[in-house]
1. Within the range 51-68, which residues are surrounded by 19 or more Cβ atoms within 10 Å (Cβ to Cβ) and under 18 Å from the mean Cα position of the chain (by Cα)?
2. Please state which of the following conditions residue 190 fails to meet, knowing it meets all the rest: (1) over 22 Å from residue 35 (Cβ atoms); (2) aliphatic (A, V, I, L, M); (3) at pLDDT 95 or above.
3. What pairs come up if the first residue lies in the range 114-139 and is basic (Lys, Arg), the second is modelled with pLDDT of 95 or more, and their beta carbons are under 7 Å apart, counting only those six or more places apart or on different chains?
4. What pairs can you find where one residue is in the range 142-163 and over 18 Å from residue 186 (Cβ atoms) and in a helix (DSSP H, G or I), the other is modelled with pLDDT of 95 or more and acidic (Asp, Glu), and their Cβ atoms are less than 7 Å apart, with a gap of 6+ or different chains?
5. Give 103, 113, 124 a once-over and let me know the one that is of a type in the set (D, E, K, R), surrounded by fewer than 21 Cβ atoms within 10 Å (Cβ to Cβ) and within 14 Å of the chain's Cα centre (by Cα).
6. Condition first: assigned to a helix (DSSP H, G or I), within 18 Å of the chain's Cα centre (by Cα) and either at pLDDT below 95 or closer than 30 Å to residue 131 by Cα (or both). Now tell me which residues in the range 208-254 satisfy that.
7. Pairs only if they're at least six apart or on different chains, beta carbon under 7 angstrom, first in the range 61-73 and without any contact (Cβ under 8 Å) to a residue 24 or more places away in the chain, second surrounded by 13 or more Cβ atoms within 10 Å (Cβ to Cβ); list them, first residue then second.
8. Among (1) part of a helix (DSSP H, G or I); (2) under 13 Å from residue 34 (Cα atoms); (3) among the acidic types (Asp, Glu); (4) in contact (Cβ under 8 Å) with a residue 40 or more places away in the chain, where does residue 276 come up short?
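The values are calculated or read from the model by the stated rules, or taken from the named source; none is laboratory data. Treat the numbers as computed from the prediction; the structure is a model and nothing was measured. No Cβ is skipped: glycine too gets one built from the backbone with ideal geometry, and neighbour counts run over all protein chains shown.
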Amino acid sequence: MDRRTLLSSLGAVALSSPLKAQEVPSWSAPVLDLHWHMRRTPEANLAHMNGCGVAAANLLTGGNALEAVGVLQAQNPHCFPSWFASTDITKPEAASILTQAVKNGASGFGEIKFHVAADSPELKRMYALAAELDVPIMVHFQEVGHTPTEGTFASGWKRFAAMLKKFPKTKFIGHADAFWANISADYAEAEAYPTGPVVRGGVTDRLLGDYPNLFGDMSANSGNNGLSRDPDFTKDFLHRHQSKLLFGSDCNCSDGRGSNTERAAPRMRGKCVARETLTLLTNATTPSVFRKLVWDNAHTVLKLPA
């Protein structure tokens, strides 16, 4: 289905504040947002997608969201072709909950964000389950807390090669601060969002090149920051890993134009992460590579019909 047809389906649910057509960006290819936390109403979900020119979204859910997912997919099947499930992986029933979610139609696990090490028994159990069910698992890797009490999530990214070797049939989707900060070889876990030129040879760059079962989610301030800090490096990075990277937004603005972003990272306040990153990708790639990053790769990883 072409982008024009997909975008037209966004009008299936009336928006409270319709956007003028000229305000919607026109990207060179249809866009699937891999990292979209499902919002409370169909209108809220569609408002952001419509505002930033995203044609489809992979819904990230928690708890018992099957009914809400069903409503969205029934009303707009082309806008919401897939969804990921998440649950508290420290609980003994986690495996049965996620297995049932896949039986109910979930395309993967995620976002998995818990205060355990990346090579903990809890996460190893999830990696094995994802391989058994043949679905991808999206993990939030974070080594530096954003607040004094936040803590870390899936810590130990620098030693993650051992997990990629141990679980070769698991499709890992890396996300968040540590994943993106480690594109640079000098990252020392001193800050969440380092700036300045990238030192080549970073862990993330190497692992993407060495392991076919690792993919990267370009969402959030973390992805945008990593891709914004060194334009020359980014152009080469996107070209080399054009089949391993997937666009996502993880954006908390309400309208696809940067409204209601008071809780966003300071550099993203007043901005839509989706618009910012899609503009960056447009400027740093060719149209054919752009299409792979924002559409084709997600369809391959999620096993969606093109």
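1. Those that are surrounded by 19 or more Cβ atoms within 10 Å (Cβ to Cβ) and under 18 Å from the mean Cα position of the chain (by Cα): 52, 53, 54, 55, 56, 57, 58, 59, 60, 61.
2. It is condition (3) that residue 190 fails.
3. 125/95
4. 162/119; 163/119
5. 113
6. 208, 220, 221, 222, 223, 224, 226, 227, 237, 238 - these are the residues of the range 208-254 that are assigned to a helix (DSSP H, G or I), within 18 Å of the chain's Cα centre (by Cα) and either at pLDDT below 95 or closer than 30 Å to residue 131 by Cα (or both).
7. 73/80
8. Looking at each condition in turn, residue 276 falls short on (2).
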